[in-house]
Amino acid sequence: SLSKLQLETGDLDPRLFSRLRHLQKLDLSDNLLDKFPNSLTLPDLRVLNCNNNKLEDVTALKQFPLLEELTYENNALTLNDDYKVMFLLQNLRLLNGKDITKLANHVRRVNSRKLTSKVTAHWEKFFRDQLPEKHTAEQVKSIKEKFLKSVQTNVVYGPSSLSEFTRWRVKMIAEEFLACSLGLELNSDTEPEEKTDENEEESTESPREAAEDMAQVSDFSSYIHNALSVTVTPSKRKRNHSKSSPGNKRSKTQANTKEESEEDVSAEPLHFLQCHSKGNSREDFKTQLWSCVFEPVLDSGARKDPIVNSSRTVATCGGESVCLIDCETGTVLKKYKVATEEFFSVAWTTLTMVISDSRKKAHNILAAAGRRGIVKLIHVAADFCYGEIKAHKKPIATVCFSPTQKTHLFTASYDKRIALWDIGIPDCDYNFKASQLLVLETASIPLRIALVPTCPEQYLLAGCEGGCFAWNIKLDKGQKSRPFEAIFQFPDEESMTTSHRVDGLAFLNDDVIVSKSSKPGCIYLWSWSRSFDAKGKGCQQTMSAVILAELEWSTTDMSYLTLSTCPAREYVFCGDEKGSVWMYNLSNYTTAWGSAKGKRSEQQRISPTQILKWPELRVNGEQPPEILVNNVVADPAFTYLVVLTSVNITAIWKKS
């Protein structure tokens, strides 16, 4: 309490206040404050009383993003300031003693959507044609000034008593729109940040008012990313066959360079994007990109063909953001940001939700999780993060949805647990209820998880820091917390071992598993049905993996460069420590492996069908630093290949 001390604004010393990291309640009432300093840095502040001061502006209060209760009666503030506060403080529940939850939701959602629509329409009608296709910086500056002035004068919404608030929001939205449309820098002051509460208890939250803590790019059809200013020089790539001599091919590229390709190659570089930069910085070549998943196609009826259901939209994550990218055009369609998060994993599911008039409609939901142990649930079509699940107290390494139970989400965490959640289905007001169904105990940190395709409701596999494990996940068993059922052992020098890091794990088809271990250059293909003894009694059995083949890969001992599969095309992909992508077409082998059931087939060592070399990529005339390929994923039809790197570059290749 600092009440009744005749304090003026200059008395609030940021150097002192920035040390109060855990302060939750602050009383500054009955003083002489005319404004708040911008850098008090009270990351955990929940309750603030500044009644009876001389405050004239509320925008500096956005520095307290966790604020839930605010009172500022008897200041030089108006109704417009109340609305600004409701927009800026996403967690605010009580304002001057009144519950403002419903009104605040309207201000943040409905009001913002209406104004965005009006701003966009104003540009399309009056200004779009004024900007030449090839424009100078001076022309951009001129049209920006005219547009901002015009839009604030002409866009009207709501009662006249709120005209100041409307102009304030219109200017903010218009500046965002110009940043997207004309490539001008976004004013970062417009985005409320989310701070970390390190002492959060493990629980779930479903109120819709807590759902909008994720700063979103507004309802614009596209988001102009930080496009790399690059020169791409085609580089030679080897095409290796296990039974033929290697030949050299050159890559084609759509950059403005001479095409030197002598023959067709299987894939060509299409786009290089730098869209996960911290603070939108073009100098960020440090943000690591970790996970990408293609969006399922809606309204595909009863057809389950993965190729028919293929999409060209991919979700990627890394650093503080999640992006949705159109692979064909390279457009970043949407971007979601949480300033204190580092996202490690994303996953899609499709939920049938009740919309207006009790009608039902299928919508794609994206789950994103990472260092904070929290799962964000995003209704992508609505541009809305509608909720979160506080799933673990330690970081979440990976998440995946059940292919059969659409609300069932698995989260694998550094707390050495894999949890199964039922995320529920949000109602028309985005209320939902999440519940924990299972906890699978792991002996070491789980890195990758995969459900067995033939029985996804019964068995789950996990690649962990200490080996490869399997669990029985059937829900009709009474036990909620379960130890692993089997640990698999693999060849090691001249013997078999269970103790090794498994940082890559995926199914190539219903039976064949592809796993990558920390042993240099080692990717194994092995049979689930021949390795796992379902009739075995008891838990924690050791079972030998029946190895079908070994894939020749880089000799690096670097970990966490993960692999993926394209089952419909029978391909395996894995990146390496030099920016290359190793591709294996296994369609000539799978039939023989399937017909050899019950027999031990002779182990083969298979060379890559092709290695896509990283092109000579220059940023402002210089090559980026060492490039690691953390992940590489193809769409189900293998039209596009998305490559995520350690240097904040997403590369998109297209199959020729």
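Please work out whether region 1-92 counts as rounded, prolate or oblate from its C-alpha gyration tensor, where a ≥ b ≥ c are the square roots of the eigenvalues and a/c under 1.5 means rounded, while otherwise a/b larger than b/c means prolate and anything else oblate? Because a/c hits 1.5 or more and a/b fails to exceed b/c, region 1-92 counts as oblate.
Taking all protein chains into account, the per residue accessible area for region 271-428 stands at 36 Å² (1.4 Å probe). For region 116-165, the carbon plus sulfur part of the accessible surface works out to 51%, probe radius 1.4 Å. Label region 9-182 by shape, choosing from rounded, prolate and oblate, from the square roots a ≥ b ≥ c of the eigenvalues of the Cα gyration tensor; if a/c is under 1.5 it is rounded, and otherwise prolate applies when a/b is larger than b/c, oblate when it is not. The shape class here is prolate.
Nothing charged except the Cβ atoms of Lys and Arg (+1) and of Asp and Glu (-1): what's the magnitude of the dipole of region 1-47 about its Cα centre? Round to the nearest 20 debye.
Values: 7 positive and 7 negative charges, 54 e Å.
Magnitude of the dipole: close to 260 debye.
A Förster radius of 45 Å, combined with the Cβ-Cβ distance separating LYS146 from GLU577, puts the computed FRET efficiency at roughly 0.30. For the pair GLU69 and LEU23, label points projected 7 Å from Cα toward Cβ lie 1.8 nm apart.
Take the Cα of SER495, step 7 Å toward its Cβ, do the same at VAL110, and the gap between the two points is 7.0 nm. Here the label points at ASP44 and ALA592, each 7 Å from Cα along the C-beta direction, are separated by 6.3 nm in the simple model. Evaluating 6.51 cos²θ - 1.76 cosθ + 1.60 at θ = phi - 60° for every residue in region 372-378, the Karplus couplings come out as 7, x, 10, 9, 8, 10, 10 Hz, glycine and proline recorded as x. What region 555-656 shows is 40 Å² of accessible area per residue, with the surface traced by a 1.4 Å probe over protein heavy atoms. Annotation for region 566-656: GluC sites (Glu not before Pro) lying in DSSP loop with at most 12 further Cβ atoms inside 10 Å of their Cβ are GLU602, GLU626. Multiplying the residue separation of ASN154 and LEU2 by 0.36 nm and removing their Cα-Cα distance gives an extension gain of 50.3 nm. Per residue, the solvent-accessible area of region 9-182 (1.4 Å probe, heavy atoms of protein chains only, all protein chains present) comes to 51 Å². Using 0.36 nm per residue and subtracting the Cα-Cα separation, the extra length available between LYS406 and ILE355 on full extension is 16.6 nm. If R0 equals 56 Å, the separation of the Cβ atoms of GLN436 and GLU138 corresponds to a calculated FRET efficiency of about 0.45. Using R0 = 56 Å, the C-beta based FRET efficiency linking CYS455 and LYS278 works out to 0.85.
Here's how it looks for GLN405: its modeled amide H is under 5 Å from none belonging to a residue 5 or more places away or on a different chain.
The values are calculated or read from the model by the stated rules, or taken from the named source; none is laboratory data. These numbers come from a predicted model, not from an experiment. Neighbour counts are summed over all protein chains in view; Cβ atoms, including those assigned to glycine, are modelled from backbone coordinates with ideal geometry. Note: accessible area is taken over every heavy atom of the protein model, side chains too, but ligands, DNA and RNA are not part of it. Shrake-Rupley method; radii C 1.70, N 1.55, O 1.52, S 1.80 Å.
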